[in-house]
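Each remark here refers to the structure printed beneath this line.
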Amino acid sequence: MTHLSMRIDGMTCNHCVGAVRRALTDINGVTVDEVELGIAKVHYNASMTSASAITQAVEEEGYAVVSAA
């Protein structure tokens with residue numbers, strides 16, 4: 001499993017946290033470790049998904065991933 005920590009702009013409330021958590025949970029191979037205002041930390045199976053696909057899922061919810069490592 002590969003770790004990915006993202007800093008996310010645009011999250012302002014618990015609804016935002018829930019939206020990001022749902023988007024991440026919906027990706028096969030992703031285990032959500034933590035989602036709070038402005039951050040998300042996950043582990044993912046690199047044979048099932050990628051960091052760019054995870055970032056894209058968050059951005060499709062309307063948030064900006066400003067860093068991911």
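Throughout, read-outs are computed from the coordinates displayed, never taken from laboratory work. The structure presented is a predicted model; accordingly, all values stated were derived computationally and were not measured. When we count neighbours, we look across all protein chains shown, and the Cβ atoms used for this are built from the backbone with ideal geometry, even at glycine.
Descriptive notes on the structure:
- Lys, Arg +1 and Asp, Glu -1 on Cβ, resulting dipole of the chain about Cα centre, debye, nearest 20: 100 debye
- Taking 4 °C and 1.567 mPa s as conditions, the chain diffuses translationally at an estimated 113 µm²/s according to Stokes-Einstein applied to its Kirkwood radius (Cα pairs).
- Among residues other than Cys16 with Cβ under 12 Å from its Cβ, the summed charge is -1 (Lys and Arg +1, Asp and Glu -1).
- Comparing Thr12, Ile39, Val65 along the charge dipole axis of the chain, the residue lying farthest to the positive side is Ile39, per the Cβ-charge model.
- Tilt relative to the chain, helix 51-60 - C-alpha long axis, 0 to 90 degrees, to 10: 30 degrees
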